[in-house]
Amino acid sequence: MEERLQKKIAASGLCSRRKAEELITAGKVLVNGKIVTEMGIKVSNKDEIMVDGKLINNTDKLYYLLYKPEKVISSTKDEHNRKTVVDLIDCTNEKIYPIGRLDYDTTGIILLTNDGALTDILAHPKNMVPKTYVAKINTILTKDEIYQIKNGIKIDNRKVEVLYFKVRKVNKENRVSTIEITISEGRNHIVKNIFLSLGHKVLKLKRTTYGFLDLSGLKKGEYRSLTIKEVKTLYAYKNNKIKKV
Ligand code: URA
């Protein structure tokens, strides 16, 4: 993916975007060995960027936040040749993997990386990374059903701890509603299964947050690199140092 030079420098954690612009104007930035003083040129991970003598993009670790559209599979390849989340990221030379999965028809936030250590931290249930989902369901929930969900419905004999639950919208005419639910669980189809266990169907599902990250500034199918600060903060989920949504 191409990004503006000053944004890329700032994302490396070296300095602020404004400082990066000053350095570019001052002729302190080289792209592939050539001084660049023009503002806003686009660079990618393949470009070698040197700022004041420091190489900034020499890390082999890649971190992306993707707004997954529907009809995309959350793996690296698919036996039926369907599009994968990796296909949507323009970094062909490096192998990257999604952290966890979203169903084929689920949209929303998903992280991809080649950093196995971070993947292990975020995927481990004990680290309790909260994820928020907005679901359209084919019913209007009763008070008792809401109570059951908040209290933790058992799926395969294990309670799903619900960190937050809210009915956002109710359409009495069509008997559908929109709910928001935050859980730290990563079991497959977990949100759909919560409603299925009450005899209801999820018609549409979107993951709106992953830990402290959300989809701000992105449209479906778009992605961005994580900043160093964001990656460091994600590492802090280890041993549950960050708990709040
Ligand atoms: N729960 C589901 O049911 N599906 C998803 O894609 C994610 C969470």
Which value results when the Cα radius of gyration for the chain is divided by 2.2 N^0.38 Å? 1.17
For the stretch 36-42, what does the Karplus curve 6.51 cos²θ - 1.76 cosθ + 1.60, with θ = phi - 60°, yield as ³J(HN,Hα) per residue in whole Hz, taken in order and with x for Gly and Pro? 10, 10, 6, 7, x, 5, 9
With both partners inside the chain, how many of the DSSP beta bridges are antiparallel, as a percent to the nearest 5? 95 percent
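Compute the signed sum of charges (Lys and Arg +1, Asp and Glu -1) over the other residues within less than 10 Å, Cβ to Cβ, of Arg168. The partial results should precede the final answer.
Values: positive: Lys136, Lys166, Lys169; negative: Glu180.
Result for the neighbourhood of Arg168: +2.
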Quick check: at a probe of 1.4 Å, how many percent of the accessible area of the chain sits on carbon and sulfur atoms? 48 percent
I need the Debye-formula profile for the stretch 130-210: one equal scatterer per C-alpha, no solvent, reported as log10 I(q)/I(0) at q = 0.15, 0.25 1/Å, two decimals. -0.46, -1.38
222 nm mean residue ellipticity, helices alone, for the chain (DSSP H n ≥ 4; -39,500 (n - 2.57); rounded to 500): -5500 deg cm²/dmol
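Over the chain, calculate the relative contact order: mean separation of alpha carbon pairs under 8 Å at least 6 apart, over the residue count, as a percent. Could you put the intermediate results ahead of the total?
Values: 462 pairs, mean separation 50.6, N = 245.
Taking the mean separation of contacting Cα pairs over the length of the chain, I get 21 percent.
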Can you compute 3J(HN,Hα) from phi for each residue in the stretch 134-146, using the Karplus curve 6.51 cos²θ - 1.76 cosθ + 1.60 with θ = phi - 60°, rounded to whole Hz and x for Gly and Pro? 10, 10, 9, 10, 8, 6, 10, 5, 7, 4, 5, 5, 4
Give me the accessible area per residue for the stretch 3-55, probe 1.4 Å, as a whole number in Å². 58 Å²
If only Cα atoms are counted, what is the Rg of the stretch 1-76, and what is its Dmax, in Å? 14.4, 47
The stretch 150-200 - percent relative contact order, Cα under 8 Å, separation 6 or more: 31 percent
List residues of the stretch 178-197, by number, whose backbone nitrogen lies under 15 Å from a label position 7 Å along Cα→C-beta of Val170. 178-180
Rg and Dmax of the stretch 61-124, Cα atoms only, in Å: 11.1, 31
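Quick one: divide the alpha-carbon radius of gyration of the stretch 85-186 by 2.2 N^0.38 Å and tell me what you get.
On the way: Rg = 16.8 Å, N = 102, 2.2 N^0.38 = 12.8 Å.
Rounded to two decimals, the normalised Rg is 1.32.
The values are calculated or read from the model by the stated rules, or taken from the named source; none is laboratory data. Because the structure is predicted, anything quoted here is derived from the model rather than measured. Neighbour counts run over all protein chains shown; Cβ positions are idealised from the backbone, glycine included. Surface accessibility is based on the protein's heavy atoms, side chains included, excluding ligands, DNA and RNA. Shrake-Rupley method; radii C 1.70, N 1.55, O 1.52, S 1.80 Å.
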